[in-house]
Amino acid sequence: MQFTSQERLDDDCLEREFTVGEIPGILWTPASSPAPLILLGHPGGLDKMYPRLLGRARQSAANGFATATIELPGSGERPRSSDADEARGDLRRALAAGEPVDEIVDRLILPLVDKAVPEWQAALDELLSLPDVGGPVGYSGGLIAIGVRLATVEPRIVAAGLFAGSFVPRVMFDEARRVTIPLHVLLQWDDEGNDRQLALDLFDAFGSQEKTLQANMGGHTGVPPFAGDDAARFFVRHLA
């Protein structure tokens, strides 16, 4: 890990940009340390997502948590994948035509999960070696398929807040059944780009004894502010 910039924000949160190999990322740490860590997932494009990530990071810092994120494969300034771009185009056309999408979702999501999860784990190795970052570790938001895989294979993650706003390959339901950590799942009931029934079936498949589904009316970007507050309280219960 190499830090490339550092800025002390006005709420005393320290923001540092870094790279792990060729993967860019951002780390936010509160004044008190060492702090528990929340990994901030997102759909890709750090520059575009930065304002929302910063808001989540500041809320977490106010609760005493460090947060970190990395760029997804094929997003931002990272090399594009022609196969992924083709699958995205096919998915848009199939959804518009009302055609089955399972095979296309597999082509798009499975290779991304296979590549992104080891990158998250490598970044986690580096982050936990820093003196101002400690455990336990949570995972929040982002593509839910990545969250499912991380919750299955990464024992350092002890709680996850997931957003049911993206497609999950049905073959990953077996992985969901092996997830046992506490979960807080957010579902936007009228999400125009998401399969509601698939999201409900996935929630039912999770093997966790403690799992909460919070469903709110509205589309993908219409998440009410109190939903974020509820997710923050979830991490306070399990990481503080």
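A few comments on the model shown:
- Contacts under 9 angstrom Cβ, first residue in region 165-193 being assigned to a helix (DSSP H, G or I), partner of a type in the set (Lys, Arg) and buried (at least 21 other Cβ atoms within 10 Å of the Cβ), 6 or more apart: 172/149; 175/149
- Residue 71 satisfies every condition listed in (1) of a type in the set (Asp, Glu); (2) over 22 Å from residue 162 (Cα atoms); (3) touching a Pro at 6+ places or on another chain (Cβ under 9 Å) except (2).
- Checked against (1) surrounded by fewer than 18 Cβ atoms within 10 Å (Cβ to Cβ); (2) under 20 Å from residue 65 (Cα atoms); (3) at pLDDT 95 or above, residue 134 passes all but condition (3).
- Of the numbered criteria (1) among the charged types (D, E, K, R); (2) surrounded by fewer than 17 Cβ atoms within 10 Å (Cβ to Cβ); (3) touching a residue at least 12 places away in the same chain (Cβ under 8 Å); (4) assigned to a helix (DSSP H, G or I), the one residue 77 fails is (4).
- Qualifying positions in region 93-138 - more than 30 Å from residue 231 (Cα to Cα) and free of Cβ contacts under 8 Å to residues at least 40 places away in the same chain: 93, 94, 96, 97, 98, 99, 100, 103, 104, 107
- Check on residue 145, touching a Phe, Trp or Tyr at 6+ places or on another chain (Cβ under 8 Å) and more than 19 Å from residue 234 (Cβ to Cβ): yes
- Failed condition for residue 24, given (1) part of a strand (DSSP E or B); (2) over 30 Å from residue 166 (Cα atoms): (2)
- Test: residue in region 205-214 that is modelled with pLDDT under 95, among the basic types (Lys, Arg) and either loosely packed, with under 14 Cβ neighbours inside 10 Å or over 14 Å from the mean Cα position of the chain (by Cα) (or both): no
- Answer residue from region 194-204, given it is in a helix (DSSP H, G or I) and not small (Gly, Ala, Ser) and is surrounded by the most Cβ atoms within 10 Å (Cβ to Cβ) among those: 202
- Checked against the criteria, residue 85 counts as free of Cβ contacts under 8 Å to residues at least 60 places away in the same chain, over 25 Å from residue 183 (Cα atoms) and in a helix (DSSP H, G or I).
- Within region 104-162, tally of residues that are farther than 23 Å from residue 206 by Cα, out of contact with any Leu (no Cβ under 6 Å at 6 or more places or on another chain) and assigned to a strand (DSSP E or B): 2
- Note on region 163-174: among residues that are among the aliphatic types (A, V, I, L, M) and within 13 Å of residue 206 (Cβ to Cβ), the one that is surrounded by the fewest Cβ atoms within 10 Å (Cβ to Cβ) is 172.
- Residue selected from region 215-240 under the condition among the hydrophobic types (A, V, I, L, M, F, W, C) and within 21 Å of residue 193 (Cα to Cα), by the criterion surrounded by the fewest Cβ atoms within 10 Å (Cβ to Cβ): 217
- The residues of region 15-67 that are without any contact (Cβ under 8 Å) to a residue 60 or more places away in the chain, farther than 30 Å from residue 84 by Cβ and surrounded by 17 or more Cβ atoms within 10 Å (Cβ to Cβ), listed by number, are 30, 58, 61.
The values are calculated or read from the model by the stated rules, or taken from the named source; none is laboratory data. Note that the structure is a prediction, hence the values are computed from the model and not measured. Counting neighbours? That spans all protein chains shown, and the Cβs are built from the backbone with ideal geometry, glycine included.
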